[in-house]
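Here's the structure, in structure tokens; my notes come after.
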Amino acid sequence: FRRVLFRSTQDVRVDASFVYEGPQGEWRLSVDPCPDGEVPAASSLLHQVVDFPLEALDLPVRLSGRRPGETIRTRTHGRRKVHDMMIDARIPRRARSAWPLLRTGDRLLWVPGLAVAEDVESVSNVEGLPRVRFVWSHRPL
């Protein structure tokens with residue numbers, strides 16, 4: 001699947017949401033263009049909230065499935081294959097190909113529930129930057 005969430009900075013001002021229902025359950029992603037308060041510290045494979053600085057989002061921002069051999073660089077684990085992360089998290093094989101990934105421009109930004117790209121994660125807590133909040137939840141069947 002592929003879904004463009006927003007194409008321009010004007011689109012970011014409008015709340016967007018995406019719901020995907022498949023044989024493995026329901027995935028839900030919502031976008032808050034003007035988040036208030038801090039990001040909740042708790043996150044899990046089934047629920048995560050992240051804020052990204054608006055300037056870090058190369059447009060368009062889109063959701064899509066994983067690509068063979070795809071990697072993401074995180075602060076805690078360095079560069080890792082998305083496939084290996086999903087295996088380590090014990091995500092069922094049938095759910096891996098349908099797991100939505102957030103991309104900005106040509107780079108992988110976020111693997112919901114598992115990893116946030118290092119270059120974006122390091123600036124997400126800077127005060128005063130315009131930011132966009134993404135809320136991810138998954139309800140398995």
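Since every read-out is calculated from the coordinates, none of them should be taken as a lab result. Here the structure is a predicted model, which means the values were calculated and not measured. So basically every Cβ, Gly included, is an ideal-geometry build from the backbone, and we count neighbours across all protein chains shown.
Each residue of region 48-61 was assigned a 3J(HN,Hα) from its phi angle through the Karplus expression (A = 6.51, B = -1.76, C = 1.60, θ = phi - 60°), giving 7, 10, 9, 10, 10, x, 4, 5, 7, 8, 6, 7, x, 9 Hz with x at Gly and Pro.
Applying a DSSP loop filter and a limit of 14 other Cβ atoms within 10 Å to the trypsin sites (Lys or Arg not before Pro) in region 71-117 leaves Arg75, Arg90. Neighbours of Thr104 by Cβ distance under 10 Å: Lys/Arg scored +1, Asp/Glu scored -1, total +1. Projected onto its three principal axes, the C-alpha set of region 40-102 covers 34, 27, 22 Å, listed from the longest axis down.
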